[in-house]
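As structure tokens, the structure follows; a few thoughts come after it.
The values are calculated or read from the model by the stated rules, or taken from the named source; none is laboratory data. Note that this is a predicted model, so its numbers are computed, not measured. Here the Cβ is made from the backbone with ideal geometry for all residues, glycine too, and neighbour counts use every protein chain on show.
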Amino acid sequence: METGIYTFVENTPDPETGQKLYPSERLSNLMEEIELADQAGLDVVGIGEHHREEYISSAPSVILAAAASRTKNIRLSSAVTVLGSEEPVRVFQQYSTLDLLSNGRAEIMVGRDPSSSRFLCSATI
């Protein structure tokens, strides 16, 4: 069994104050969460791709590359990369580079449509 965390890096208002964090602060908090997950021995962290205002994860490979420089063991995965809105060769290049930066810890999970669960594939680069 493997244990991990995943997120779309939601940045919703605080229920008590109604305020949102600045996106840079939310990403800084995420990097701390990923570092802690690595230190705690979790197996994987996944960043899902999302393109709505309340999420900050429109470029998971960039977020995972930042995490690669701050972690040592945890696997770094997309959760899910939408191939319908990306150029597949570019996605391959991004995650191949992430794999090099992370010393072989990159993984990618791809789907064809965010509203469809009919096609889902996971692979280690």
Item to complete: Being free of Cβ contacts under 8 Å to residues at least 12 places away in the same chain and either within 15 Å of ALA68 (Cα to Cα) or among the β-branched types (Val, Ile, Thr) (or both) is the filter here, so list the residues in the range 1-28 that pass it.
Response: THR17, SER28
Item to complete: Could you please let me know if VAL110 is over 20 Å from THR3 (Cβ atoms), part of a strand (DSSP E or B) and either at pLDDT below 95 or out of contact with any Ser or Thr (no Cβ under 6 Å at 6 or more places or on another chain) (or both)?
Response: yes
Worksheet entry | Residue in the range 67-76 that is assigned to a helix (DSSP H, G or I) and of a type outside the set (Phe, Trp, Tyr) present | yes
Worksheet item: Taking the range 1-24, which residues are more than 22 Å from ILE74 (Cβ to Cβ) and either surrounded by fewer than 13 Cβ atoms within 10 Å (Cβ to Cβ) or of a type in the set (Gly, Ala, Ser) (or both)?
Response: THR12, PRO13, ASP14, PRO15, GLU16, THR17, GLY18, GLN19, TYR22, PRO23, SER24
Discussion item. Taking the condition of being more than 14 Å from the chain's Cα centre (by Cα) and assigned to a helix (DSSP H, G or I), how many residues in the range 1-27 meet it?
Written reply: 3
